[in-house]
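I have placed the structure first, in the form of structure tokens, so that the comments after it can refer back to it.
The values are calculated or read from the model by the stated rules, or taken from the named source; none is laboratory data. These numbers were taken from a predicted model, which means no experiment stands behind them. Cβ placement follows ideal geometry from the backbone for every residue including glycine, while neighbour counts extend to all protein chains displayed.
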Amino acid sequence: MSQWLTTEEWLITLGEHIRANRLEFEGGMSRQDLASLAGVSVSALANLETGQGTSLTTFVRVLRALRMEAWIDALKPSPVINPMLLLSSGKTRVRAPRKSKQGT
């Protein structure tokens, strides 16, 4: 299961996916061509593909160059309901009625 991968294993897995997408992108692309398109160095791209680590900027530039923005979108958290915004929604709160006392 991927939830048990170490950081190093994640870097290798992501790098393998990037490399596979580079080789499939428009009939295959060299590292030099992708690095140029993404605006990163060839060594930075090689580090990314081999799981040796890279900057987030390099990762995002390469994803965008490969038209893989969906990966970035998948990292965004889902919107949540803010309880404070619900308070200002215009609804007035109504207190629950008191229980009547029986026997008095």
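For the range 14-56, give me the residue count where each residue is surrounded by 15 or more Cβ atoms within 10 Å (Cβ to Cβ), among the hydrophobic types (A, V, I, L, M, F, W, C) and in a helix (DSSP H, G or I).
Count: 11.
This table checks each residue for (1) among the hydrophobic types (A, V, I, L, M, F, W, C); (2) free of Cβ contacts under 8 Å to residues at least 12 places away in the same chain.
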{"position": "Leu5", "(1), (2)": "yes, yes"}
{"position": "His17", "(1), (2)": "no, yes"}
{"position": "Gly27", "(1), (2)": "no, yes"}
{"position": "Arg31", "(1), (2)": "no, no"}
{"position": "Leu37", "(1), (2)": "yes, no"}
{"position": "Gln52", "(1), (2)": "no, no"}
{"position": "Ala65", "(1), (2)": "yes, no"}
{"position": "Met84", "(1), (2)": "yes, yes"}
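Rundown of residues vs (1) of a type outside the set (D, E, K, R); (2) farther than 18 Å from Trp71 by Cβ; (3) within 20 Å of the chain's Cα centre (by Cα), yes/no style:
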position: Thr13; (1), (2), (3): yes, no, yes
position: Asp33; (1), (2), (3): no, yes, no
position: Ser43; (1), (2), (3): yes, yes, no
position: Ala46; (1), (2), (3): yes, yes, no
position: Leu56; (1), (2), (3): yes, no, yes
position: Arg61; (1), (2), (3): no, no, yes
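How about the range 57-87: which of its residues are in a helix (DSSP H, G or I) and either touching an Asp or Glu at 6+ places or on another chain (Cβ under 8 Å) or at positive phi (or both)?
Correct list: Leu63 only.
Specify the residue that is modelled with the highest pLDDT; the eligible residues are those in the range 1-13 that are of a type in the set (Ser, Thr, Tyr) and assigned to a helix (DSSP H, G or I).
Per the criteria, the residue is Thr13.
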